[in-house]
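The values are calculated or read from the model by the stated rules, or taken from the named source; none is laboratory data. These numbers come from a predicted model, not from an experiment. Glycine also receives a Cβ, built like all others from the backbone with ideal geometry; neighbour counts cover every protein chain displayed. For accessibility, only protein heavy atoms count, side chains too; no ligands or nucleic acids. Shrake-Rupley method; radii C 1.70, N 1.55, O 1.52, S 1.80 Å.
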Amino acid sequence: MTAVAEDGFTDSGFAPLPGGPADTILYAGAFEFPDLNAAAQRAVANASIFRDLGYRVVLIGLSRQLGEEDGPRRATFDNGGMDCWELPYPAGRVAWLRRIVSGAEVLAIADAHYAGRMAALILYDYPGVAQERLRRAAHARGAVAIGEATEWYSVSRMRSVAAVARNIDRPLRMRWANHRMDGMIVASEFLRDFYGRRGQPVLELPTLLADPPVEAEGEATPDGKPKRLFFAGSGFDPRTVAESREGPKDRLDKVVEALGVAQGLGAEFVLDVYGVERSDYLAVMPLHAPLLETLGDRIRFHGRQPRALVRARLAASDYSIFLRKKSIVSVAGFPTKFGESIHFGTPVITNALGSLMRYHTEGRTGWYIDYGDSVSAGGRLAAILRGSQVEVSAMKTHCRTSGLFHYARYLSIAEAFMAKISRPRY
């Protein structure tokens, strides 16, 4: 084994995976436990795969409840028997700079509590410089380093120091730091091909869930009653939209326009919108005020609500609906809301896009509508919403029982991936 330099970093040194004393995987990222963001939901599901493969998994996330003076804290809630640690959420430029370039807190947890046990370190959408330092540190401790990329971030407008830092870090991470990892976990076929073309071991995992499949619930709406539609998203925060050059990721405005056309064709529906306030929507789309007035009570804004309530309303709906513009950002990711909707027994109305098309079967998991033409989309929606209770119930049953996005379905491909990176690549 190559000698370790004074800074603790080196480019060699691996422990076998799995077996022997090195049985622990540290999995670090910007997770907000227990399930305060989509990253936490994905991390817990993916970590459950490695737990079931026989590893001890340690999740290291962030908490807005901790101050800089608090330091790392072991979380007290249950996450499927896995260790969970929280680091203070960075507050201020100095804290953000430390997170972007250091990684020292992750190493402190590893050395204090899992010394000699680390088989692998997984870094989820991690800042590029810190990721490279942690890669070298993992090698110095006899572990492999795995990156995880779930999306290709859009460029932020240069309105703050943080935006400038993000615009520098993201291409550095995607085009350099990730290529230096021993393996990559990715969310889409696009990213699988991007990292796999150089021979790097790649594990493609769509957005998965650790929650057990739901029991039969959320019956379809009886014939003659308005269909219940569900939308969940957060893309219409005016500050977020102002920072982005791409505009909102989930185009609720396109959904509203299509529903306006469908309503004119006699469609009966109620759309419940979660995660977006009516006032925020109109701040971004002021020209839609007359359209919302015309649609009236057919569109109801609920803003942010507890996750349990939102999931219950999702399961009770006839369809969930979302539309996304085709871009490198949308093609490189995998929509959490699609996997979650199918898992909880609700078919999806969306546009054909990226890796989603490998899992979406019309008439089984939902339907496609047009993104670019509201008239065409509205006509298609009107036809979909005329479907019978029997037809919708059959789709809901298929989605609920498919297991498409339950983590246990992916154990074998994850095991094969780990076997590929159990030997040095250098």
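General observations
- Scanning the range 350-379 for residues that are touching a helix residue (DSSP H, G or I) at 6+ places or on another chain (Cβ under 9 Å), free of Cβ contacts under 8 Å to residues at least 40 places away in the same chain, open to solvent by 40 Å² or more (accessible area, probe 1.4 Å) and in a helix (DSSP H, G or I) gives a single hit, Ser376.
- Test for Asp297: is it among the charged types (D, E, K, R) and in a strand (DSSP E or B): no
- Checking each residue in the range 100-120 for being in contact with a helix residue (DSSP H, G or I) (Cβ under 7 Å, 6 or more places away or on another chain) and either open to solvent by 20 Å² or more (accessible area, probe 1.4 Å) or assigned to a loop (DSSP other than H, G, I, E, B) (or both) picks out Ile100, Val101, Ser102, Gly103, Leu107.
- Test result for Arg307, within 30 Å of Gly363 (Cβ to Cβ), open to solvent by 30 Å² or more (accessible area, probe 1.4 Å) and modelled with pLDDT under 90: yes
- Output for the range 291-325, where each listed residue is basic (Lys, Arg) and farther than 16 Å from Glu268 by Cα: Arg304, Arg307, Arg311, Arg313, Arg324, Lys325
- Under the condition of being among the hydroxyl-bearing types (Ser, Thr, Tyr), farther than 24 Å from Ile349 by Cβ and open to solvent by less than 50 Å² (accessible area, probe 1.4 Å), the residues counted in the range 393-422 number 3.
- Checked against (1) without any contact (Cβ under 8 Å) to a residue 60 or more places away in the chain; (2) in a helix (DSSP H, G or I); (3) surrounded by 12 or more Cβ atoms within 10 Å (Cβ to Cβ); (4) of a type outside the set (D, E, K, R), His302 passes all but condition (2).
- The numbered conditions (1) surrounded by fewer than 17 Cβ atoms within 10 Å (Cβ to Cβ); (2) of a type outside the set (Val, Ile, Thr); (3) out of contact with any His (no Cβ under 9 Å at 6 or more places or on another chain) are all true for Gln41 except (1).
- Boolean, Pro238 is modelled with pLDDT under 95 and of a type outside the set (Asp, Glu): yes
- Check on Asp52, touching a residue at least 60 places away in the same chain (Cβ under 8 Å), touching a Leu at 6+ places or on another chain (Cβ under 7 Å), open to solvent by 10 Å² or more (accessible area, probe 1.4 Å) and not β-branched (Val, Ile, Thr): yes
- Residue within the range 94-106 that is closer than 23 Å to Ala177 by Cα, within 25 Å of the chain's Cα centre (by Cα) and at pLDDT 90 or above present: yes
- Within the range 241-260, restricting attention to residues that are surrounded by fewer than 20 Cβ atoms within 10 Å (Cβ to Cβ) and of a type in the set (A, V, I, L, M), the residue that is modelled with the lowest pLDDT is Ala242.
- Residue list for the range 262-299, restricted to those being of a type in the set (Val, Ile, Thr), within 20 Å of Lys225 (Cα to Cα) and crowded, with 20+ Cβ neighbours inside 10 Å: Val273, Ile299
- Search result, residues across the range 306-328 that are under 20 Å from Lys249 (Cα atoms) and either assigned to a loop (DSSP other than H, G, I, E, B) or without any contact (Cβ under 8 Å) to a residue 24 or more places away in the chain (or both): Phe322, Leu323, Arg324, Lys325, Lys326, Ser327
- Enumeration of residues in the range 318-345 that are within 16 Å of the chain's Cα centre (by Cα) and small (Gly, Ala, Ser): Ser330, Ala332, Gly333, Gly339, Ser341
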